[in-house]
Amino acid sequence: MDSAFSHSLPLFSSFSSLFLFQVQSQNLVTDNVSVVEGETATISCRVKNNDDSVIQLLNPNRQTIYFKDVRPLKDARFQLVNFSDNELRVALSNVSLSDEGRYVCQLYTDPPQEAYADITVLIPPGNPIIESREDIVSEGNETEMTCTAMGSKPAATIRWMKGDKELQGKSKVEVTYDRMYTVTSLLRFTVTKEDDGVPVVCIVDHPAVKDFQAQKYLEVQYKPEVKIVVGFPQGLTREGENLELTCKAKGKPQPQQVNWVKVDDDVPSHAVITGTDLLIENLNKSYNGTYRCVASNSVGESYDDYILYVYDALTTTPIPTTATTTMYTTTSLPGITQVDSRAGAGAQRAVDHAVIGGVVAVVVFAMLCLLIILGRYFARHKGTYFTHEAKGADDAADADTAIINAEGGHNNSDEKKEYYI
């Protein structure tokens, strides 16, 4: 009998090992759930390689919510989504903060297996509230702003943006009696006139909400910006001309007072000031100096300067009536190089004389050439003529004898030739 028992013991050990392997191979898993208050949470109990063991779901108080596909708990918010050998899935609708806790997935094995699903209820904060210490800030001063996100779970985080630049604030977290969190962030910064009209945005980050923010536009007061604009003249200011200056001033609030002064001296007595305009007629060099426009408001005052330098009046040279040469006026200006065109006029006259001399030379040369050609022509075409003088006329004693000698002497007369050019 002992021998039989000893033979059956290995068989029992093999059976036990196989059973233990099958039990251990069943793996029960679940997942934690985060849900926004008022929404639906889904709990899934999953089994791998189930051997028909029973699956049930318990609440944080260890009360059975579902046993297989049966719901013993009388809470209609729990609804069966899926039941099979491998999964028990239950949905809890309209979740509240009291539903938060650890839920238990249980598998009836030996020993029983359990897996835990923690439900976290998210409560978004209320609308953020942004406040500033003062509504209107003067440039150069420090301002203070706060942003508050109340009644959230978990605590929210707050970021600050001024325009497209992120600023760092200092946050403080408070826990209320009902396990809610209130977060307040404090921001301090110095404003400039460029900040006027720029939005300051408080951004609240929380897992239950997205793009939750509030903003406030800065209103900054700044002292005037002043600029002097010349009406006329457009070029250099010369003696005898008129000068008009306009003072343009812009600030917040708008400047109510604009004054014209002359630095280290008085404004000329005959100068006319009309609002923001300054008019000085018939300029002369005694008016040289720095003219200043000063504008002020409740924040402060600013100014702009115009340096007046009166140049000599323009001088003109009479235009000669016998020539068409254009005459230019020259004035010696400090720092400016100008060319006197009268030297150019003399050069022009010298050029005219050279042209006339050249023309005369050409005419004379042409006449000489013509004379030479005519001489050569007449040298090649010579003329011939004959004279019949009575021979012996020179030896005759009287006139009658000479005539008689001449009448008979034609045939014997020698031919005389004369040449002419």
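The values are calculated or read from the model by the stated rules, or taken from the named source; none is laboratory data. Since this is a predicted model, take the numbers as computed values, not measurements. Neighbour counts run over all protein chains shown; Cβ positions are idealised from the backbone, glycine included. SASA here: full protein model, heavy atoms, side chains in, ligands and nucleic acids out. Shrake-Rupley method; radii C 1.70, N 1.55, O 1.52, S 1.80 Å.
Find the percent of Cα-Cα distances in segment 159-317 that exceed 19 Å, and round it to a whole number. Above the 19 Å cut-off, segment 159-317 has 68 percent of its Cα pairs. Which of the three applies to segment 111-167, rounded, prolate or oblate, going by the alpha-carbon gyration tensor with a ≥ b ≥ c and a/c under 1.5 meaning rounded? Judged from the Cα gyration tensor, segment 111-167 comes out prolate (a/c at least 1.5, a/b above b/c). All Cα-Cα separations within segment 186-258 were binned at 5 Å from zero, giving a P(r) of 3, 11, 14, 12, 10, 10, 9, 7, 6, 5, 4, 3, 2, 2, 1, 0, each value a whole percent of the pairs. Spacing of the modelled spin labels on THR157 and ASN32, each 7 Å from Cα toward Cβ, amounts to 1.7 nm.
Rolling a 1.4 Å probe over the heavy atoms of the protein chains gives segment 216-268 an accessible area of 58 Å² per residue. The H on the amide N of TYR66, modeled in the peptide plane, is under 5 Å from the matching H of LEU57, each at least 5 residues off or on a different chain. Take the residue pairs LYS223/LYS252; LYS165/LYS223; LYS162/LYS252; LYS165/LYS210; LYS172/LYS210 and return only those whose Cα atoms are more than 18 Å apart. Correct reply: LYS165/LYS223; LYS162/LYS252; LYS165/LYS210; LYS172/LYS210. With 5 Å bins beginning at zero, the pair-distance distribution over Cα atoms of segment 35-118 amounts to 3, 15, 28, 28, 15, 7, 3, 1 %. Couplings 3J(HN,Hα) of segment 118-127, computed from phi: 8, 9, 10, 9, 9, 10, x, x, x, 4 Hz, in residue order, whole Hz [Karplus 6.51 cos²θ - 1.76 cosθ + 1.60, θ = phi - 60°; x for Gly and Pro].
Dipole size of segment 133-255 about its Cα centre, with +1 on Lys/Arg Cβ and -1 on Asp/Glu Cβ: approximately 360 debye, rounded to the nearest 20. Taking amide H as placed 1.01 Å from N in the peptide plane, the amide H of LEU122 sits under 5 Å from that of VAL35, VAL36, GLU37, each at least 5 places away or on another chain.
The tail of the calculated P(r) for segment 257-311, taken as Cα-Cα distances beyond 14 Å, holds 55 percent of the pairs. In a DSSP loop and with at most 14 other Cβ atoms within 10 Å, the GluC sites (Glu not before Pro) in segment 91-171 are GLU134.
Backbone geometry of segment 152-167 corresponds, through the Karplus equation with coefficients 6.51, -1.76 and 1.60 at θ = phi - 60°, to 3J(HN,Hα) couplings of 10, 8, x, 5, 7, 10, 10, 10, 10, 10, 10, x, 9, 10, 8, 10 Hz, x marking Gly and Pro. Computed from phi, the 3J(HN,Hα) profile of segment 356-372 under the Karplus parametrisation 6.51, -1.76, 1.60 (θ = phi - 60°) reads 5, x, x, 4, 4, 4, 5, 5, 4, 4, 5, 5, 4, 4, 5, 5, 4 Hz, with x in place of Gly and Pro.
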